[in-house]
Amino acid sequence: MQSKLIREKFLQFFIQKGHRHQPGVPIVNKDDPSLLFVNAGMNPFKDMILGNQPITDSRVVTVQPCLRVSGKHNDLEEVGVDTYHHTLFEMLGNWSFGDYFKEEAIAWAWELLTEVYHLSKEDIHVTIFAGDPQDGLPRDNEAAAIWAKYLPASHILAFGKQDNFWEMGEQGPCGPCSEIHLDIRPENHRNILPASELVNKGHPQVIEIWNLVFMQYNRQASGKLVDLPHKHIDTGMGLERLAMVLQGKRSNYDTDIFTPLIAKIEEISGKSYIGRPLSKAICDEEFLGEAQSSTAAYSDVCEERRQASTPKLPLEIEFRKRSNGSVGIAMRVIADHLRAVAFAIADGEAPGHAKAGYVIRRILRRAIRYGYSYLSIQTPFIYQLVSVLVAQMEGVYPNLTAQQAYIEQLICAEETAFLKILATGLHLFNHLDPSKIHQGVIAGQVAFELYDTYGFPLDLTLLMAKEKGLTIDEAGFQEALQAQKKRSQKDAATSQGDWQVVQSTVQPQFVGYDQLVATTSIVQWRTITNKQGTFYQFVLAETPFYPEGGGR
């Protein structure tokens, strides 16, 4: 089943259950100072849930693009390495605002999965909240009893607050939740160990696909929980994971959501995609029995086996040794990050120097570095993927189509600017003076120099260090950063003279659309003096200069 049809069936199902379809909001969150981006389907409804806004529709269904790259919900480091984490993903969600609660939410989830998407009932396992004495919260016996109508007791598992109590952030709406997990392992693997032993253990083929949140509390700034004015249902199911299951794939990146983008990257780079993530390449068939016969986290078993069976090489070398795994990681990262950057630009957030704009710049520069280091692409190329994404999303996200040329232009400009300094910065990093490394830790001043001079975001330098088996002195980086800010503040102590008006009746004109060189005259000027010296500012009657600002 193609991803476009999966979206349509989800919407149709809940519309038939009396829900109103509300289009997704822009992923750039302009209305909530606590969030840079929409990171969950509930963000647009936060005020309604808290009782700050009246409930206008008691039942709503949405497909909401979400971006998880900062704060509590941050999946950036997992992207490309595993099969199922993304910076940008589409959240399929149904909502009840003071209307139905657990009974209907669970019944309809079961109906959609088993009767519309035709998933095997035997493959489904669910979790419920085990309770938390510290918050005075009881076990969710109500949800367990409802699930017992559809599943045997061995498929209903109780977990604690970390897994089964959903919170948007440090404060705000929250509540117990019930997660739906699928066992998509081959039959011979299932005979080794039941899926119930692998739920929430990081196994890449026993995965959560849907979270039903029973929103009934508000976490206050003090940490105290108080009841919300009404009980609500907030569910979220990742389209990318559901597509992997319904299309019979082992990775989200093998679905029709990503394969066109990866094919284009292959065409541009001249390299073939290695579809198996590194973690699976390492922990493959010969290690499977050990991993599945243990109640330890699957990922931990893989790591133990990797450490025992391979020489202590920097990860960068390991990537190259193991089926050229870095190529696959790079292509997945680039495909994923392009989606995040394109959606953000389409929604009004260009790469920039601060806040949300800087996060988008970080994501894009991360992708550029992967292309440069592992695909040997040293010219702008990511902008060429935009047309592929737009074709995929045609009719679903019209804003992407309308903004295509603008998105391509901004990404190309960002690539061009970063590539000019990337090679120099990488050379500096790859040829560090040994005195800058102590017991596997790179001096924070090095990371700061890469940040300040070459535009390397700290998380990019941390990633490069990790690939070499090293870490960064982050405290040292922060010290250098704060010292630079203090110097900047002192240097900014400026004395400005009064404007000297030369032509009082002339209105300055921008002529850059028609000419790049202009003969003009001075309208007014003034003197600027600071510790760096004396400067002069001029206002000209005509100018072809276009000021850079806001990333544009």
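The values are calculated or read from the model by the stated rules, or taken from the named source; none is laboratory data. Since we're looking at a predicted model, the values are computed, not measured. Every residue, glycine as well, gets a Cβ built from its backbone with ideal geometry; the counts of neighbours run over all protein chains shown.
Any residue that is closer than 16 Å to residue 356 by Cβ, in contact with a Phe, Trp or Tyr (Cβ under 7 Å, 6 or more places away or on another chain) and modelled with pLDDT of 90 or more - is there at least one of those in region 16-32?
Scanning region 16-32, I find at least one residue that is closer than 16 Å to residue 356 by Cβ, in contact with a Phe, Trp or Tyr (Cβ under 7 Å, 6 or more places away or on another chain) and modelled with pLDDT of 90 or more, so the answer is yes.
Kindly list, by first and then second residue, each pair from a residue in region 224-240 that is at negative phi and without any contact (Cβ under 8 Å) to a residue 24 or more places away in the chain to a residue that is surrounded by fewer than 23 Cβ atoms within 10 Å (Cβ to Cβ) and not aliphatic (A, V, I, L, M), limited to pairs with Cβ atoms under 7 Å and residues at least 6 apart or on different chains.
Sorted first by the residue in region 224-240, then by its partner, the pairs are 226/217; 226/218; 226/220; 227/216; 227/217.
I'd like to check something: does region 525-537 contain any residue that is touching a Ser or Thr at 6+ places or on another chain (Cβ under 6 Å), part of a loop (DSSP other than H, G, I, E, B) and surrounded by 14 or more Cβ atoms within 10 Å (Cβ to Cβ)?
No, because not a single residue in region 525-537 is touching a Ser or Thr at 6+ places or on another chain (Cβ under 6 Å), part of a loop (DSSP other than H, G, I, E, B) and surrounded by 14 or more Cβ atoms within 10 Å (Cβ to Cβ).
The rows are residues; the columns are (1) within 30 Å of residue 21 (Cβ to Cβ); (2) exposed (fewer than 14 other Cβ atoms within 10 Å of the Cβ); (3) modelled with pLDDT under 90.
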position	(1), (2), (3)
361	no, no, no
376	no, yes, no
393	yes, no, no
400	yes, no, no
404	yes, no, no
425	no, no, yes
461	no, no, yes
466	no, no, yes
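Residues in region 317-331: is at least one under 19 Å from residue 77 (Cβ atoms), assigned to a helix (DSSP H, G or I), modelled with pLDDT of 95 or more and in contact with a Gly (Cβ under 9 Å, 6 or more places away or on another chain)?
yes
State yes or no: is residue 380 surrounded by 22 or more Cβ atoms within 10 Å (Cβ to Cβ), more than 13 Å from the chain's Cα centre (by Cα) and not in a helix (DSSP H, G or I)?
No.
Quickly run through region 188-204 and pick out the residues that are surrounded by fewer than 21 Cβ atoms within 10 Å (Cβ to Cβ) and either in contact (Cβ under 8 Å) with a residue 60 or more places away in the chain or in contact with a His (Cβ under 8 Å, 6 or more places away or on another chain) (or both).
Correct list: 189, 192, 193, 196, 197, 200, 201, 202, 204.
Out of curiosity, is residue 388 out of contact with any Phe, Trp or Tyr (no Cβ under 6 Å at 6 or more places or on another chain), modelled with pLDDT of 95 or more and buried (at least 24 other Cβ atoms within 10 Å of the Cβ)?
No.
What tally of residues in region 117-145 results from selecting those that are under 21 Å from residue 92 (Cα atoms) and exposed (fewer than 14 other Cβ atoms within 10 Å of the Cβ)?
Residues flagged as under 21 Å from residue 92 (Cα atoms) and exposed (fewer than 14 other Cβ atoms within 10 Å of the Cβ) within region 117-145 amount to 3.
Could you look through region 160-182, keep only residues that are in contact (Cβ under 8 Å) with a residue 40 or more places away in the chain and either surrounded by fewer than 17 Cβ atoms within 10 Å (Cβ to Cβ) or charged (D, E, K, R) (or both), and pick out the one that is nearest to residue 129 (Cα to Cα)?
Looking at residues that are in contact (Cβ under 8 Å) with a residue 40 or more places away in the chain and either surrounded by fewer than 17 Cβ atoms within 10 Å (Cβ to Cβ) or charged (D, E, K, R) (or both), I get 179.
Let me spell it out: the conditions are (1) at pLDDT below 95; (2) within 25 Å of the chain's Cα centre (by Cα); (3) crowded, with 20+ Cβ neighbours inside 10 Å, and residue 185 meets all of them except one. Which number is the exception?
Only one criterion in (1) at pLDDT below 95; (2) within 25 Å of the chain's Cα centre (by Cα); (3) crowded, with 20+ Cβ neighbours inside 10 Å is unmet by residue 185, namely (2).
Kindly list the number of the only condition in (1) in a loop (DSSP other than H, G, I, E, B); (2) under 22 Å from residue 43 (Cα atoms) that fails for residue 233.
(1)
Of all residues in region 501-522, which are of a type in the set (Gly, Ala, Ser) and either touching a strand residue (DSSP E or B) at 6+ places or on another chain (Cβ under 6 Å) or not assigned by TED's automatic domain parsing to the domain that holds residue 539 (or both)?
Scanning region 501-522 gives a single hit, 518.
If residue 259 satisfies every condition in (1) hydroxyl-bearing (Ser, Thr, Tyr); (2) modelled with pLDDT of 95 or more; (3) crowded, with 20+ Cβ neighbours inside 10 Å but one, which is the exception?
Of everything listed in (1) hydroxyl-bearing (Ser, Thr, Tyr); (2) modelled with pLDDT of 95 or more; (3) crowded, with 20+ Cβ neighbours inside 10 Å, residue 259 misses just condition (3).
For residues that are farther than 20 Å from residue 373 by Cβ and assigned to a helix (DSSP H, G or I), scanning just region 413-435, find the one that is nearest to the chain's Cα centre (by Cα).
Within region 413-435, the match that is nearest to the chain's Cα centre (by Cα) is 413.
Among residues belonging to region 186-200 that are polar (S, T, N, Q) and in a loop (DSSP other than H, G, I, E, B), point out the one that is nearest to residue 121 (Cα to Cα).
191
Among the candidates 4, 46, single out the residue that is closer than 16 Å to residue 395 by Cβ and either of a type in the set (D, E, K, R) or in the same structural domain as residue 66 (by TED's automatic domain parsing) (or both).
4
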